Amino acid sequence: MTGRKTLHTDVAIVGGGIVGASAALALRQMGIGVVLLERDLCGSRSSGVNYGGVRRQGRPLSQLPLAQRAHRIWERLRETIGTDGEYLRSGHFKIARSEADMASLERYRAQSRDFDLGLELISDARLRERCPWLGARAVGGSLCAEDGQANPRLVSPAFALAAQRAGALIFERHKVDEVAHDGRAFMLRSGNALEVHAPALLNCAGAWAGPIATEFGEEVPLQSGHPAMAVTEPLPFFMNWSLGVEGGGIYCRQVARGNLVLGGGGKGVALDADRARSDRDAIASLSAQAIELLPTLRHAHFIRTWSGTEGYLPDRQPVLGPSRTTPGLFHGFGFSGAGFQIGPAAGEVLAELVRDGRSSTPIESFSIERFTPTPP
Amino acid sequence: MTAAAGEIRPVIVGAGPAGVRAAQALVAHGLQPVVIDEASRAGGQIYRRPPASLSQRSTQTLYGLEARRAVALHIAFDALRERIDYRPDSLVWSAQGGRLDVLHGPTRGTDSVPYGQLIVATGATDRVLPVPGWTLPGVYTLGGAQVALKFQGCAIGRRVVFMGTGPLLYLVAYQYAKAGVDVAAVLDTARLANQIAAAPAMLAQPAVFAKGVYYVGWLRAHGVALHSGVRPLRVLGDEAQGRVTGVAWQDGNEERTLACDAVGFGYALRSETQLADLLGCRFEFAPLHRAHLPVRDAAGRSSVKGVYLAGDGAGIMGADAAEWAGERAALALLADQGVAVDTARTAALERRLHKLGGFREGLERAFPLPPDWAAHAPDELVVCRCENVTAGTLRQTVSVNGADEMNRLKALSRVGMGRCQGRMCGVAAAEILAHATGLPLQQVGRLRGQAPIKPIPIHLAATPSLEGAGE
Ligand SMILES: Cc1cc2nc3c(=O)[nH]c(=O)nc-3n(C[C@H](O)[C@H](O)[C@H](O)COP(=O)(O)OP(=O)(O)OC[C@H]3O[C@@H](n4cnc5c(N)ncnc54)[C@H](O)[C@@H]3O)c2cc1C
Ligand SMILES: Cc1cc2nc3c(=O)[nH]c(=O)nc-3n(C[C@H](O)[C@H](O)[C@H](O)COP(=O)(O)OP(=O)(O)OC[C@H]3O[C@@H](n4cnc5c(N)ncnc54)[C@H](O)[C@@H]3O)c2cc1C
């Protein structure tokens, strides 16, 4: 049977998460032809189910140039994708539970000074005054007033819709199950439905990007992880900031409708390669920490828990940049639990790489080379 | 008698007709199941028992024509009490890795109950297709109206209109009228012609059919106005006082209104499938039920080894079928464990269940969901009351954002994202999505289940004891 449609374009993209979709949008804004294949619905995986933290604070310094670039994209979100996606610069407050944590936050502030994050350390009386709802464990924290939160369910699909409006051809429910390179161009095939030929290929397949890299001789130690998430019924509004904890643990934010969204506290369980849920013990740990941090939550109800499937690399940095084996191939995956904020910038970087062969944002730390030792 | 050390007992969730008969069959073969039920007394929805403090009302008053069966089920259950590990007031809120997470209401304690075999008999709740004004105080679902009467011994109003469709419509109206409440009218969206055409199929269950005919006849004889083929237009309300003052409906070309102070409405039942979903059971669209349901074989085996499905929770078949299916599932569980069971009995149960399928088809034909409900639902109609999502918003989410599947519709519009997690609004949202996209209902999919099955206080989620999880 040859009902298969064949398309020729400039750039083919695998994966319609926030990274692939924003790359598609950026490419179209440069006038470059794009075909994007998403095996499910755009923005329905990690990018659509994450916690929604839009934060720069706490990122490794190597990510801050990218995060700053993303910060400027988030600022123009509505013009860019046609919706505000409930994006709010509500402030992100990283809590210290000990003096050592506090010292660590201070060190981070000093180290990140060049990036103008505007971090403000708060402790003691000012802490109690500004956040009377905080439990006794908190001794202080660091506020990044311009960091914030957004609704991933709305933002990530909107990037794909915006790309489509800008002329990208987007095929949802089209899984790429075959990729090849004939020395000049890439060929992608989705079952008997579609074949795409393009001189450039973006591997933006999230947690599932490993096999595509391997196909081109670039094996990466990519692993799937499943952060546990939960949401409460609507509560009287009491907290503007999105909260995190120094040293990890849980994070939570309150949305305008009053629901508290919480994450962390351990891992979810994978149901299969594609789906995951919050693990029982993770929910228990999340709950215990939440009450400790915000005692008023004690009697609030969880109405839902969930998880997602995210790609992690051992050093918790993404792979972002050109392939070392195949000209025209660019990777953007493995954001290790923190790709929502920087996703739109990663997309722009990928578009620049396609057009110019280089990016104006430093991305050396994210090279795939770090996993493929150069032969002697 | 206690379970042998190290033995993991089979668990039954739900102590309605299906769960009780399943427990009985297991006990008869020497097992000692755990029976977990959210209600405080066994009996399920139909044979729900009022709290002991209210039980002076006779079973005849409580269950009417069902009294004999109700008593039989209660007696059967009471006889089991010493030989099962019965946990009333206990909500199963999650399931994972061979363990159920259980919240015990009165003590606010949490357990994690292990199982090797599990019978899911979680029953059903009302199938709701809303009408403008349904959020006014004084509007109840049919099931809610019935529970108020059976369980709390009170009526939802003094002058009540019942509307919607399905056998429960006439039954509840009858029960209310019998209890002395002024039933102003019964408004059925199905046509008389539907019922006449379906009569032959329904005669597969002559006794049940006769009961239905009896209720209708009784209501008519007692002067209750019965209108069929209607389209409910809205529940009228006093804006200032925010309560029901009447209903408006379309009868042919005529718009009619009627004064009342309460409304009971509903369109038969929908299966409570979340536990089966959390357990990983495979679902398929069941055209007869207009719903995605967990698949099972004729004996009640689900697609997951060790998990059995029985009763309305796996497809609405009514109370008698629930009893047979409960027993059948238990026998399947036993046989799968290598216990010898009476094969003549299993064959008889399967035959009865199969035969009932024909009756069910008849019922669906007699009381179909109004096929044009979605087409006529006005844009301002609130479909999801937890999140205040209107039909118009849903349609816009289709036309502007291209949603063509339930989970995407939920993600973009918030329908089903509130406390009920779609248990109430899911049916209506799916109908609107199918209509707005022009896709068959089957194709718009179903909301994915996630724990908790019902909201759970955070401090209780924080402390799952590992009771029975093996020292
Ligand atoms: C629960 C959770 C909470 C998180 N919280 C935050 C947070 O608060 N802040 C933050 O910055 N980050 C957070 N993250 C991380 C962030 O969500 C991810 O880093 C980011 O969304 C990754 O985007 P992506 O486009 O690379 O991946 P994805 O969104 O996973 O997109 C990859 C897409 O590729 C598709 N695909 C895969 N294989 C194929 C194929 N063969 N053919 C076609 N399509 C294919 C998939 O279906 C998927 O849609 C969180 C992640 C999770 C899971
Ligand atoms: C409100 C209502 C009124 C009805 N009235 C009539 C009637 O008058 N006449 C008639 O013929 N049919 C009636 N029906 C239909 C009839 O109830 C069913 O056909 C029959 O009860 C099905 O039996 P079952 O055992 O499958 O489920 P049910 O009788 O519904 O029993 C299920 C039990 O499981 C429990 N349960 C569910 N989920 C959980 C959980 N997660 N954790 C713990 N426990 C759980 C419930 O509390 C319930 O006790 C009614 C249904 C409803 C919903």
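The values are calculated or read from the model by the stated rules, or taken from the named source; none is laboratory data. The model shown is predicted, which means the values in this text are computed figures rather than measured ones. When we count neighbours, we look across all protein chains shown, and the Cβ atoms used for this are built from the backbone with ideal geometry, even at glycine.
General observations
- Of all residues in segment A:272-295, those being farther than 18 Å from B:Asp101 by Cα and at the interface with chain B (Cβ under 8 Å from one of its Cβ atoms) number 2.
- Segment B:68-115, residues that are of a type in the set (D, E, K, R), touching a His at 6+ places or on another chain (Cβ under 8 Å) and within 14 Å of another protein chain (Cβ to nearest Cβ): B:Asp111
- Candidates B:Gln96, B:Gln117, filtered to the one that is away from ligand 2 (no atom under 15 Å from the Cβ) and not acidic (Asp, Glu): B:Gln117
- Among residues that are more than 14 Å from chain A (Cβ to nearest Cβ), away from ligand 1 (no atom under 16 Å from the Cβ) and buried (at least 24 other Cβ atoms within 10 Å of the Cβ), B:Arg328 is included.
Residues checked against (1) over 30 Å from A:Gly135 (Cβ atoms); (2) within 14 Å of chain B (Cβ to nearest Cβ); (3) surrounded by fewer than 21 Cβ atoms within 10 Å (Cβ to Cβ):
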{"site": "A:Leu297", "(1), (2), (3)": "no, yes, no"}
{"site": "A:Gly308", "(1), (2), (3)": "no, yes, no"}
{"site": "A:Gly311", "(1), (2), (3)": "yes, no, no"}
{"site": "A:Gly321", "(1), (2), (3)": "yes, no, no"}
{"site": "A:Thr326", "(1), (2), (3)": "yes, no, yes"}
{"site": "A:Leu329", "(1), (2), (3)": "yes, no, no"}
{"site": "A:Phe333", "(1), (2), (3)": "yes, no, no"}
{"site": "A:Gly337", "(1), (2), (3)": "no, no, yes"}
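- Taken together, A:His181, A:His226, A:His197, A:His174 contain a single residue that is in contact (Cβ under 8 Å) with a residue 60 or more places away in the chain, surrounded by 16 or more Cβ atoms within 10 Å (Cβ to Cβ), more than 16 Å from ligand 2 (Cβ to nearest atom) and within 14 Å of chain B (Cβ to nearest Cβ), which is A:His226.
- Among the residues of segment B:371-400, the one identified as among the acidic types (Asp, Glu) and within 13 Å of chain A (Cβ to nearest Cβ) is B:Glu387.
- When each of B:Leu26, B:Leu62 is tested for being at pLDDT below 80, part of a helix (DSSP H, G or I), more than 16 Å from ligand 1 (Cβ to nearest atom) and surrounded by 21 or more Cβ atoms within 10 Å (Cβ to Cβ), the lone residue that passes is B:Leu62.
- Condition met for B:Ala173 (at pLDDT 95 or above, closer than 15 Å to B:Leu65 by Cα and within 12 Å of ligand 2 (Cβ to nearest atom)): yes
- Scan segment A:1-59 for residues that are assigned to a loop (DSSP other than H, G, I, E, B), closer than 15 Å to A:Gly332 by Cβ and in contact with a Cys (Cβ under 8 Å, 6 or more places away or on another chain) and the total you get is 3.
- Single residue of A:Gly52, A:Gly91, A:Gly82, A:Gly15 found to be modelled with pLDDT of 95 or more, surrounded by 19 or more Cβ atoms within 10 Å (Cβ to Cβ), more than 7 Å from ligand 1 (Cβ to nearest atom) and on the phi > 0 side of the Ramachandran plot: A:Gly91
- Listed by position, the strands (runs of 3 or more DSSP E) contained in segment B:261-334 that have at least 3 residues being closer than 30 Å to B:Glu239 by Cβ are B:262-267.
- Any chance B:Leu129 is more than 14 Å from every other protein chain (Cβ to nearest Cβ), closer than 24 Å to B:Arg243 by Cα and either at pLDDT below 95 or more than 16 Å from ligand 1 (Cβ to nearest atom) (or both): yes
- Those residues of segment A:321-366 which are hydroxyl-bearing (Ser, Thr, Tyr), over 25 Å from A:Ser156 (Cα atoms) and part of a loop (DSSP other than H, G, I, E, B), in sequence order: A:Ser323, A:Thr325, A:Thr326
- The set of residues in segment B:330-348 being touching a helix residue (DSSP H, G or I) at 6+ places or on another chain (Cβ under 6 Å) and touching a residue at least 60 places away in the same chain (Cβ under 8 Å) consists of B:Ala330, B:Leu331, B:Val341.
- Some residue of segment A:316-332 being within 7 Å of ligand 1 (Cβ to nearest atom), touching a residue at least 40 places away in the same chain (Cβ under 8 Å) and in contact with a strand residue (DSSP E or B) (Cβ under 8 Å, 6 or more places away or on another chain): yes
- Residue in segment B:430-450 that is farther than 17 Å from B:Phe285 by Cβ, within 13 Å of chain A (Cβ to nearest Cβ) and more than 24 Å from the chain's Cα centre (by Cα) present: no
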